[in-house]
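Let me begin by presenting the structure, written as structure tokens, before commenting on it.
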Amino acid sequence: MVTLKKTPGKDFVILNLTDPQLWNDEWDEGRRERAILEYTLDEVIKRTNPDLITITGDIAWAGATDSYRKFADLIDPYDIPWAVVWGNHDNQDGPEYINEIVDMYSGYKNFLYERGDSTLGNGNYVIAITEGDRVVEGVFMIDSHDREGSIKHPDGEETIIYSKLYPEQIAWYKAENEKLKTLGCRDTSMFMHIPITAYRDAWEAAYKPGIVAKPSRVPRDESYTDKYWNEGYTDSFGLRCEGICCSPDESDGILEAILEGGTTRHVIAGHDHVNNFVIKYKGVKLIYGTKIGEGCYWRPELNGGTVLTVGEDGIKEVRHEYVDVSHITNKE
């Protein structure tokens, strides 16, 4: 368990970044992709002044070792602890490659990580945020693995089958959650790359489908009004501009374990670059982190990071911090 201290009487700020995902050559001097990532990171850190930076996967593409190194070279000098979970693209070259990147990252001063039990995946660990002798927030960093294959449809189209958390991971989560309770912890959060299946159920329950034909046509700022949300979900915000790419197994067991444990009130994922909705479903806030940069694909208006503010009783606020990069994109 990694431990970070919260200053009494002061909020502890977590800045989540997700899916930077640049190729090696996109880090070349003068590349727009690099300029956008560098500017966005600098701007979002200056605005939020975080105590911890989390990255929910797809830092680069498996095999693009220079890209992983340059990302670390960019973030570590801010002298803020940064912790990662791996995405499906990070995981695609297997655990040996992840271990190679971890070995490299371990040489950086501010990198936080524990390898964890290798039978559960790559890097399942807990960050305990403490105030005095009590854990005020337990942060579960969980590996959501890669894809498990694909289904070919009669029309020739393929649907990727993404992985889910292993039953052994859920058992690990339950055991670690009980340990945190003995340390006075009553509020925890779960960070991963691939969203759990409850994100689909939450969207179906929360969104008014008859308002517009396509959710992607909703203006970003209008998503913060109650115009698009069903009764009971009007505190939701953010967009869904693509499918929710999680495991097809509706009985993944994760939400049930969360509700049984009684402490996890926030789950944050990445993976789907142009989704960033936040919906409170069955008492648990399901969060898509706002993507940083244009790596792979993006929507410029959904660029930045997501801020989780921890008070003396756990996470008390979630918001997206958007960064306008039109001064860079308009140059071309």
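Considering the range 133-158, and only residues there that are within 30 Å of ASP313 (Cβ to Cβ) and in a strand (DSSP E or B), the residue that is nearest to the chain's Cα centre (by Cα) turns out to be MET141.
Taking the condition more than 30 Å from GLY184 (Cα to Cα) and open to solvent by less than 40 Å² (accessible area, probe 1.4 Å), does GLY238 pass? Yes; evaluated as a whole, the condition is true for this residue.
Within the range 284-312, the set of residues being within 18 Å of the chain's Cα centre (by Cα), surrounded by fewer than 18 Cβ atoms within 10 Å (Cβ to Cβ) and within 24 Å of LYS10 (Cα to Cα) comprises THR309 only.
Examine the range 277-300 for a residue that is in contact (Cβ under 8 Å) with a residue 12 or more places away in the chain, assigned to a strand (DSSP E or B), farther than 21 Å from LEU259 by Cα and not β-branched (Val, Ile, Thr), and state whether such a residue exists. Taking every residue of the range 277-300 in turn, none turns out to be in contact (Cβ under 8 Å) with a residue 12 or more places away in the chain, assigned to a strand (DSSP E or B), farther than 21 Å from LEU259 by Cα and not β-branched (Val, Ile, Thr). Across the range 214-234, not a single residue is classified as in contact with a helix residue (DSSP H, G or I) (Cβ under 6 Å, 6 or more places away or on another chain) and small (Gly, Ala, Ser).
Filtering the range 13-52 to residues that are assigned to a loop (DSSP other than H, G, I, E, B) and surrounded by fewer than 16 Cβ atoms within 10 Å (Cβ to Cβ) leaves ASP28, GLU29, GLY30, ARG31, ASN49. Selection of the range 247-267 for residues being touching a Ser or Thr at 6+ places or on another chain (Cβ under 6 Å) and among the aliphatic types (A, V, I, L, M) yields only ILE258. Residues that are open to solvent by 20 Å² or more (accessible area, probe 1.4 Å) and part of a helix (DSSP H, G or I) within the range 256-269 comprise GLU256, LEU259, GLU260, listed in sequence order.
Any idea which of TRP27, TRP23, TRP61, TRP86 is of a type in the set (Phe, Trp, Tyr) and under 19 Å from ILE142 (Cβ atoms)? Spell out how you get there, then give the answer.
On the way: TRP27 fails: under 19 Å from ILE142 (Cβ atoms); TRP23 fails: under 19 Å from ILE142 (Cβ atoms); TRP61 fails: under 19 Å from ILE142 (Cβ atoms).
From the options TRP27, TRP23, TRP61, TRP86, the qualifying one is TRP86.
Across the range 189-203, not a single residue is classified as buried (at least 19 other Cβ atoms within 10 Å of the Cβ) and free of Cβ contacts under 8 Å to residues at least 40 places away in the same chain.
In contact with a Gly (Cβ under 9 Å, 6 or more places away or on another chain) and not hydroxyl-bearing (Ser, Thr, Tyr) - does that describe any residue in the range 238-252? No, every residue in the range 238-252 fails to be in contact with a Gly (Cβ under 9 Å, 6 or more places away or on another chain) and not hydroxyl-bearing (Ser, Thr, Tyr). Contact map, the range 164-178: first residue among the acidic types (Asp, Glu), second residue crowded, with 22+ Cβ neighbours inside 10 Å, Cβ cut-off under 8 Å, separation 6 or more or different chains; pairs are GLU176/VAL126; GLU176/GLY138; GLU176/PHE140.
Quick check on ILE315: is it more than 30 Å from ILE161 (Cα to Cα), buried (at least 17 other Cβ atoms within 10 Å of the Cβ) and touching a residue at least 40 places away in the same chain (Cβ under 8 Å)? In short, yes. If you go through the range 219-231 and pick out every residue that is free of Cβ contacts under 8 Å to residues at least 60 places away in the same chain, open to solvent by less than 70 Å² (accessible area, probe 1.4 Å) and touching a strand residue (DSSP E or B) at 6+ places or on another chain (Cβ under 9 Å), you end up with 5. Quick check: is even one residue across the range 115-123 touching a strand residue (DSSP E or B) at 6+ places or on another chain (Cβ under 8 Å) and open to solvent by less than 40 Å² (accessible area, probe 1.4 Å)? Yes, some residue in the range 115-123 is touching a strand residue (DSSP E or B) at 6+ places or on another chain (Cβ under 8 Å) and open to solvent by less than 40 Å² (accessible area, probe 1.4 Å). Can you tell me which of (1) in a loop (DSSP other than H, G, I, E, B); (2) at pLDDT 95 or above; (3) of a type in the set (D, E, K, R) is the one GLU250 doesn't meet? Going through (1) in a loop (DSSP other than H, G, I, E, B); (2) at pLDDT 95 or above; (3) of a type in the set (D, E, K, R) one by one, GLU250 breaks only (2). Consider the range 80-111 and keep the residues that are outside any helix (DSSP H, G or I) and among the hydroxyl-bearing types (Ser, Thr, Tyr). The one that is nearest to PHE12 (Cα to Cα) is TYR108.
The values are calculated or read from the model by the stated rules, or taken from the named source; none is laboratory data. Everything numeric in this text was worked out from a predicted model, so none of it was measured. So basically every Cβ, Gly included, is an ideal-geometry build from the backbone, and we count neighbours across all protein chains shown. Accessible surface is based on the protein model in full, side chains and every heavy atom, while ligands, DNA and RNA are left aside. Shrake-Rupley method; radii C 1.70, N 1.55, O 1.52, S 1.80 Å.
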